[in-house]
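Remarks on the structure that follows.
The numbers here are math on the coordinates, done by the rules we state, and not lab data. Just so we're clear, the structure is a prediction, and the values are computed from it rather than from any experiment. For neighbour counting, all protein chains shown are included, and Cβ atoms are generated from backbone atoms with ideal geometry for every residue, glycine included.
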Amino acid sequence: MDQEETREIQEEETNVPKDGKKGMNLYTLIVLSVAAVLIFAWMMFGDGGPSGKNGADGCGVNFQSAWGQSPAAVWVDLPNYSQTRAVATFDFTYPEHPLEGFDNESFKGYSRQVFEVAYSDDAGKEGIRFSKAYTCNGFEVYEPEDGVFRSIQIMDVDGTDVKEYGDGEKVSLLFFVKGDYSYTILCPDNPMSREEAEVFVSQLD
């Protein structure tokens with residue numbers, strides 16, 4: 001075998017593993033990329049992420065989105081019930097136009113977790129707001145800071161424990177849990193007597 005034949009054989013042997021290594025690297029890169037996408041999708045929309053509806057990790061309202069944006073990027077003002085339902089991904093039963101003089105209805109949703117409806121008067125004063133949230137362990141979406149309310153009591157309302165915040169005479173916020181959902185009745189601009197506010201507890205579902 002002459003030197004030229006020997007050189008050709010050596011070049012072929014050298015080139016084969018190089019090409020194979022390039023192909024292997026490309027295949028590995030594709031597999032890792034696909035795996036990363038699947039893991040991210042599972043974290044965001046499955047049981048393991050902030051939007052999942054199973055497991056404690058996905059149950060609290062996230063005040064920062066997955067992309068590091070502010071809450072305004074997730075809270076959305078919406079025009080009607082159907083669109084709010086689509087954002088929250090669940091139904092909400094509540095009394096329509098519950099207070100006289102507060103006839104202007106507005107909706108708000110938080111991605112896959114909160115459905116809200118509010119009623120205000122023509123001057124823009126909010127009379128009452130109903131909120132339903134998918135939470136675990138009774139997470140309070142609107143839990144006030146210490147010292148905001150002078151009176152905090154837990155009352156039994158038709159078999160439901162209701163946490164009531166007020167000034168000792170009237171209440172401005174009621175919170176309770178039914179099954180997998182928590183409910184909030186807010187009326188800080190229009191405080192009510194306990195009896196008036198508690199009427200709405202059984203009407204929310």
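Descriptive notes on the structure:
- Given their separation in residues at 0.36 nm each and the Cα-Cα distance between them, Asp189 and Ser151 gain 12.0 nm when the chain is fully extended.
- Packing-based ranking of 105-117, 77-89, 164-176 yields 105-117, 164-176, 77-89, ordered from highest to lowest mean Cβ neighbour count within 10 Å.
- Simple label model, 7 Å out from Cα along Cβ direction - Asn104 to Glu140, nm: 3.0
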